[in-house]
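Coordinate-derived values only; no laboratory data. It should be emphasised that the depicted structure is a prediction, and the values quoted were computed from it without experimental measurement. All Cβ positions, even for glycine, are placed from backbone atoms using ideal geometry, and neighbour counts span all protein chains on display.
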Amino acid sequence: MIWGALAQSAPDIDFLAALWLSPAENLLAHRGFTHSLLFIAIITPLFALSAMRLHRPHNIPLKKWLFFFGTQGLIHIGLDGFNAYGVGWLEPFSHHRFSFNVLFVADPLFSIWPAIALAALIILRTGNKQRVLWWVSGLLASIIYMMYAVSNKIYIDRAVDKALKYDHIRTEHVLTTPTPFNNWLWYIVAPAQKGYYIGYRSVFDTQPGIDFHFVARNDSLLKSVADHESLQHLLKFSQGYYTVSYANDTLLFNDLRFGQILGWKYPNQKFTFHYYLQHPADNKFVVQRGRFEKWDAQEIKDFLIRIKGY
């Protein structure tokens, strides 16, 4: 299990890049090369050979070590592709980021089952026959939940398509991604000519339309900072889902893919990802900036009510 934890964590070594890269550069570096198929192909034999050497004498063949470590690495970078951030599986040959927007970055109903199984495996002795039942159950429960999440994604995409037609909104492609910690209430971004229609839909909603509100892109505001290197990185990172706004006298670059702070209740709330273009040093933890700053008991209650649908 220790080897598995090390192999699972290896792709996230890219966090060290923040020590020398600017915040905007680090956004592209994270989940880049260290989350690629090539990186997994490199570290798998290194882990396998290290384990073989450290565990001598043993009767575990090299191919079994390779399978184990390769599987761990592929699971990590594979799961990272199911949320909104995006993963560079084909780096350095292609800079395309893959993101399926099926799970929120932290979904307790997906993670709790292997966590319970891990606790059981730590407690039970090596020879206990129940160990197999626990690890199989832990993995199987997560796989079933992932299948359920994918089915929710398919359902929401179809429901949103019908709602857009119902509301007479024309768009070529739509972003749908789960709101925090659940897979029932979904955040929707529909690009238009000069901005985006933003809304929310629960899998339990029955009304045909969606209460969309329009957010202007305001890309003309970027003229004053067009020569900033950080802006080019942000434009690339956002994959076209961005707006520009002001906070007092500060120009903000908002990446829409990461949602709003309590946006399902307050449509005009600011976006979680907002980057200070004129003050780059103030952009630590930019992806989840203020995600839960206004959450309290009442807001959580209202959030659960919205999940139930209407």
Completion exercise
Fewest-first ordering of Val287, Val105 by Cβ atoms within 10 Å yields Val105, Val287
Completion exercise
Scoring only Lys, Arg, Asp and Glu (+1, +1, -1, -1) among other residues with Cβ under 13 Å from the Cβ of Gly70 yields +2
Practice task
Report relative contact order for the stretch 1-100 in percent, whole number only (criteria: Cα-Cα under 8 Å, sequence separation at least 6).
Solution key: 31 percent
Handout entry: Given charges at Cβ of Lys, Arg, Asp, Glu: the chain dipole, positive-most of Ala216, Ile169, Val105
Key = Val105
Handout entry: the stretch 215-310: GluC sites (Glu not before Pro) in DSSP coil with no more than 13 other Cβ atoms inside 10 Å
Key = Glu293
Exercise for the section: Return a whole-number percent for the relative contact order of the chain, with Cα pairs under 8 Å and 6 or more residues apart as the contact set. Expected result: 12 percent
Handout entry: Simple Cβ-charge dipole of the chain, Lys/Arg +1 and Asp/Glu -1, about Cα centre, in debye nearest 20
Key = 1020 debye
Fill in the blank from the handout: Those trypsin sites (Lys or Arg not before Pro) from the stretch 178-221 that are DSSP loop and have at most 16 other Cβ neighbours within 10 Å turn out to be Lys194
Exercise for the section: Normalising by the residue count of the stretch 62-137, find the relative contact order in percent from Cα pairs under 8 Å and 6+ residues apart. Expected result: 19 percent
Practice task
Set the Förster distance to 35 Å, then compute FRET efficiency between Val132 and Leu37 from the Cβ-Cβ distance, nearest 0.05.
Solution key: 0.70
Exercise for the section: Treat each spin label as a single point 7 Å out from the Cα along the C-beta direction, and report the Glu299 to His96 distance in nm. Expected result: 3.8 nm
Fill in the blank from the handout: Whole-percent tail of the Cα-Cα distance distribution for the chain, cut at 23 Å, equals 64 percent
Completion exercise
The alpha-carbon center of the stretch 199-230 and that of the stretch 166-184 are separated, in whole Å, by 11 Å
Problem - Note, ³J(HN,Hα) from phi for the stretch 271-286, Karplus 6.51, -1.76, 1.60, rounded to Hz, x at Gly and Pro - result: 7, 4, 8, 9, 10, 7, 5, 9, 9, x, 5, 9, 10, 6, 6, 5
Handout entry: HN-Hα J in Hz across the stretch 96-112 - Karplus 6.51, -1.76, 1.60, θ = phi - 60°, x for Gly and Pro
Key = 5, 9, 9, 8, 9, 6, 9, 10, 5, 4, 10, 10, x, 6, 8, 8, 5
Handout entry: 3J(HN,Hα) from dihedral phi, the stretch 180-196, Karplus parametrisation 6.51/-1.76/1.60, rounded to Hz, x for glycine, proline
Key = x, 6, 8, 10, 10, 9, 10, 9, 10, 10, 10, x, 10, 5, 10, x, 9
Exercise for the section: Distance between Cα centroids, the stretch 93-148 to the stretch 35-56: provide it in whole Å. Expected result: 22 Å
Problem - Debye log10 I(q)/I(0) for the stretch 152-307, one point scatterer per Cα, at q = 0.14, 0.18 Å⁻¹ - result: -0.72, -1.12
Problem - the stretch 78-140: trypsin sites (Lys or Arg not before Pro) in DSSP coil with no more than 14 other Cβ atoms inside 10 Å - result: Arg125, Lys129
Problem - Cβ charges +1 (Lys, Arg) and -1 (Asp, Glu), total dipole of the stretch 1-100, debye - result: 480 debye
Fill in the blank from the handout: Taking a crude spin-label model, label points 7 Å out from Cα along the C-beta direction, the Ala106 to Lys165 distance in nm is 3.9 nm
Practice task
State the dimensionless ratio Rg/Rh of the stretch 1-132 (Rg: radius of gyration of Cα atoms; Rh: Kirkwood radius).
Solution key: 1.02
